[in-house]
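**Student:** Structure provided below as structure tokens; questions to follow.
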Amino acid sequence: MSSTERTDGDDDGTAGFVAQWRNGAYNCFSSGHKFCREVCPVMQVTRNEVHTPTAFHANVVAMEKGLLDIADVARDYVHCTGCGACELRCPNTLFTGDFYRFRTRTVQLVKAARALAVDQGIHQPGWQRWVEETDRQRSEPVLGGEVPVSQDHVRDWAAGLDLPVGGETILFCDCEGAFHRTSVPRAAAKILKAAGVEFGLMREQWCCGGPAAEMGYVERAREFARHNVDDWRAVGAKRIIVFDPHDYISFTEDYPSYFGDAYDFEIVLFVELLAELIRDGRLPLTNPVERTVTYHDACRLNKRKGIHAAPREVLRAIPGLTFKDVDHVTQWSYCSGAGGGLPIERPDLTAEISRRRVAKAAALDVDTLVSACVWSERPLTEQRGQLEIMDLLEIVALSAGLEDAA
């Protein structure tokens, strides 16, 4: 069974898809509000009507009326980073009062439309190649790092750290961290060890499967999820620590939908644990970091999960740091362009979205843009100009006096 709900006589899944999403689509289509457009990072660049969140919903109405099918619009659904800004800006979300729990579900609609396309044999060439290579290597084919992408090298980042395998608490290292930004998982491991947190690594870590799910390859994503969950259970894990927001989304949203009540792991977001460790005095920050920084809210933390206080608490605890904040609501319209598979199919859009984000940071007269998302740091670095792009864990490791962390 795919992510689209098939019904008897519905060989291509369209009727099930429309039935699942029609109410939300009509809610959007009939309201006439289009506030979402100006906070959409893709729409800010392309100004193309078919790339708007409202168009994504209107397509469902048109499909119900037989005016088009998924083949007509599948390419349009590439143009979404999955940031969730449109959901927060939607009046239909705001009117509920608690907009982090009751909201228009455009991100999930986009994922479902992509899955419907894949089910019908409609593939985006970059995504198809990416998922096939991920399936072959068991990790995403991230490029540009010093570590070869393969299971033989998935733990190279931990060389010399003497980390055990298994245990009740597992540190999950995402593909970008394992093969490209290895300084981030090294900082994460050093921080945990310094704070006295006992943890281990997986026996055989595969991709979380989240990117495949976002691109519409749900069955592939389930295979990765099943392997990882089986690995966790085999080593007796009960708690999984993640530093990447994309993994956090996968483990708190996708995996529960795959496994239901049988999925009973505690998922711990590193940045929230980090704030707790500093607050409780378990991780003293004694080395001043003489930088002037601002913070880039990772979309999947701030907009998708409502997590914006913890990283700011951490930054304000670092001695010597001058922190020029931009409130988290303003950052609803900010994005690096790194999510939703956009860099694979439309790298030009990702580059422009990141360029605009860096320009907003530079206007604050800072020397460093700090992120808590390793995936956002690649496009931001490519467009950084005079700014330095650092992960929050890297800058904390500096202040904690941990060698080889940055």
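**Student:** Report, by chain and number, residues whose modeled amide H sits under 5 Å from the one on Val329, excluding near sequence neighbours (fewer than 5 apart, same chain).
**Tutor:** Excluding prolines and chain starts, which carry no amide H, there are no hits.
**Student:** Rounded to the nearest 500 deg cm²/dmol, what is the calculated helix-only ellipticity per residue at 222 nm for the chain, with -39500 (n - 2.57) per DSSP H run of length n ≥ 4?
**Tutor:** -13000 deg cm²/dmol
**Student:** What ratio of Cα Rg to 2.2 N^0.38 Å holds for the chain? Let's see the in-between values first.
**Tutor:** On the way: Rg = 20.9 Å, N = 406, 2.2 N^0.38 = 21.6 Å.
Rg over 2.2 N^0.38 Å, computed on Cα atoms: 0.97.
**Student:** Also, I was wondering about something else. Stokes-Einstein D for the stretch 361-406 at 20 °C, 1.002 mPa s, Kirkwood Rh over Cα pairs, in µm²/s? Numbers along the way, then the final one.
**Tutor:** Values: Rh = 11.2 Å.
Result for D is 192 µm²/s.
**Student:** Counting residues in the stretch 172-240 as N, plug N into 2.2 N^0.38 Å and put the Cα Rg over that result.
**Tutor:** Working: Rg = 13.5 Å, N = 69, 2.2 N^0.38 = 11.0 Å.
Working it through for the stretch 172-240, the quotient is 1.23.
**Student:** Still on this model: Please report the accessible area of Ile353 (heavy atoms, 1.4 Å probe, ligands and nucleic acids excluded) in Å², nearest 10.
**Tutor:** 10
**Student:** Would you rank Asp156, Asp391 by solvent-accessible area, highest first, keeping every protein chain in place and using a 1.4 Å probe?
**Tutor:** Of Asp156, Asp391, the descending order of accessible area is Asp156, Asp391.
**Student:** Report the paramagnetic label zone for Leu161: residues of the stretch 257-295 whose backbone N is under 15 Å from a point 7 Å from Cα along the Cα-to-Cβ axis.
**Tutor:** 270-271, 274
**Student:** Further, regarding this structure: Using the Cβ atoms and a cut-off under 12 Å, what net charge is assigned to the surroundings of Leu321, where Lys and Arg are +1 and Asp and Glu are -1? It would help to have the intermediate numbers written out before the result.
**Tutor:** Details: positive: Arg291, Arg312, Arg316, Lys324; negative: Glu290, Asp325, Asp367.
Residues near Leu321 contribute +1 overall.
**Student:** Whole angstrom only: what separates the Cα centroid of the stretch 323-353 from the Cα centroid of the stretch 190-253?
**Tutor:** If you average the Cα positions of each part, the centres end up 24 Å apart.
**Student:** Please list, in order along the stretch 336-348, the HN-Hα scalar couplings obtained from phi with the Karplus expression 6.51 cos²θ - 1.76 cosθ + 1.60 (θ = phi - 60°), rounded to whole Hz, x for Gly and Pro.
**Tutor:** Once θ is set to phi - 60°, the couplings for the stretch 336-348 become 8, x, 8, x, x, x, 4, x, 7, 8, 9, x, 5 Hz.
**Student:** Go through 143-149, 34-40 and give me the packing order, highest mean Cβ count within 10 Å leading.
**Tutor:** Working: 143-149: 13.6, 34-40: 18.7.
Top of the packing list down: 34-40, 143-149.
**Student:** Which length gain, in nm to one decimal place, applies between Tyr263 and Val147 when the Cα-Cα distance is subtracted from 0.36 nm times their residue separation?
**Tutor:** Details: separation 116, 0.36 × 116 = 41.76 nm, distance 3.22 nm.
Length difference between fully extended and current span is 38.5 nm.
**Student:** Cβ under 12 Å from Gly166's Cβ, Gly166 left aside: what net charge do those residues give with Lys, Arg +1 and Asp, Glu -1?
**Tutor:** Within the 12 Å Cβ shell, the charges total -1.
**Student:** How much accessible area does Arg203 have with a 1.4 Å probe, in Å² rounded to the nearest 10?
**Tutor:** Accessible area, nearest 10 Å²: 130 Å².
**Student:** Which order, highest average first, do 326-333, 366-373 follow once you tally other Cβ atoms within 10 Å for each residue and take the mean per peptide? Before the final figure, lay out the partial values.
**Tutor:** Values: 326-333: 16.1, 366-373: 23.4.
So the order, starting with the most tightly packed, is 366-373, 326-333.
**Student:** Another one. List the GluC sites (Glu not before Pro) within the stretch 253-348 that fall in a DSSP loop (any state other than H, G, I, E or B) and whose Cβ has at most 13 other Cβ atoms within 10 Å.
**Tutor:** On the way: sites: Glu253, Glu266, Glu272, Glu276, Glu290, Glu313, Glu345; in loops: Glu290.
Hits after loop and neighbour filter: Glu290.
**Student:** At 1.4 Å probe size, put Asp348, Asp152 in order of accessible surface, largest to smallest. Before the final figure, lay out each step's value.
**Tutor:** Numbers: Asp348 85, Asp152 135 Å².
From most exposed to least exposed: Asp152, Asp348.
**Student:** When the C-alpha atoms of the stretch 323-406 are aligned to their principal axes, what extent does each axis show, in angstrom, from largest down?
**Tutor:** On the principal axes, the stretch 323-406 reaches 40, 26, 24 Å in Cα extent.
**Student:** Given the convex hull over the Cα atoms of the stretch 111-167, what projected area results after averaging over all orientations, in nm²?
**Tutor:** The orientation-averaged projected area of the Cα hull of the stretch 111-167 comes to 6.2 nm².
**Student:** Let me ask something additional. For the chain, with a Gaussian network of springs between Cα atoms less than 10 Å apart, report the residue from Ala237, Ala359, Ala338 with the top mean-square fluctuation.
**Tutor:** So, out of Ala237, Ala359, Ala338, the one fluctuating most is Ala359.
**Student:** With contacts defined as alpha carbon pairs under 8 Å and 6 or more residues apart, what's the relative contact order of the stretch 283-406 in percent? Mind dumping the intermediate values first?
**Tutor:** Working: 197 pairs, mean separation 40.7, N = 124.
Taking the mean separation of contacting Cα pairs over the length of the stretch 283-406, I get 33 percent.
**Student:** Counting only the heavy atoms of the protein chains, how much of Glu49 is accessible to a 1.4 Å probe, in Å² to the nearest 10?
**Tutor:** Taking all protein chains as shown, Glu49 has close to 100 Å².
**Student:** If I take every Cα pair under 8 Å that is 6 or more residues apart in the chain, average their sequence separation and divide by the length, what percent do I get for the relative contact order? Mind showing how you got there, number by number?
**Tutor:** Numbers: 732 pairs, mean separation 66.0, N = 406.
Across the chain, relative contact order equals 16 percent.
**Student:** Follow-up. Report, largest value first, the span of the C-alpha coordinates of the stretch 241-392 along each principal axis, in whole Å.
**Tutor:** 49, 45, 23
The values are calculated or read from the model by the stated rules, or taken from the named source; none is laboratory data. Given the structure is predicted, the values throughout are model-derived calculations rather than measurements. Here the Cβ is made from the backbone with ideal geometry for all residues, glycine too, and neighbour counts use every protein chain on show. Ligands, DNA and RNA are excluded from the accessible area calculation, which covers all protein heavy atoms including side chains. Shrake-Rupley method; radii C 1.70, N 1.55, O 1.52, S 1.80 Å.
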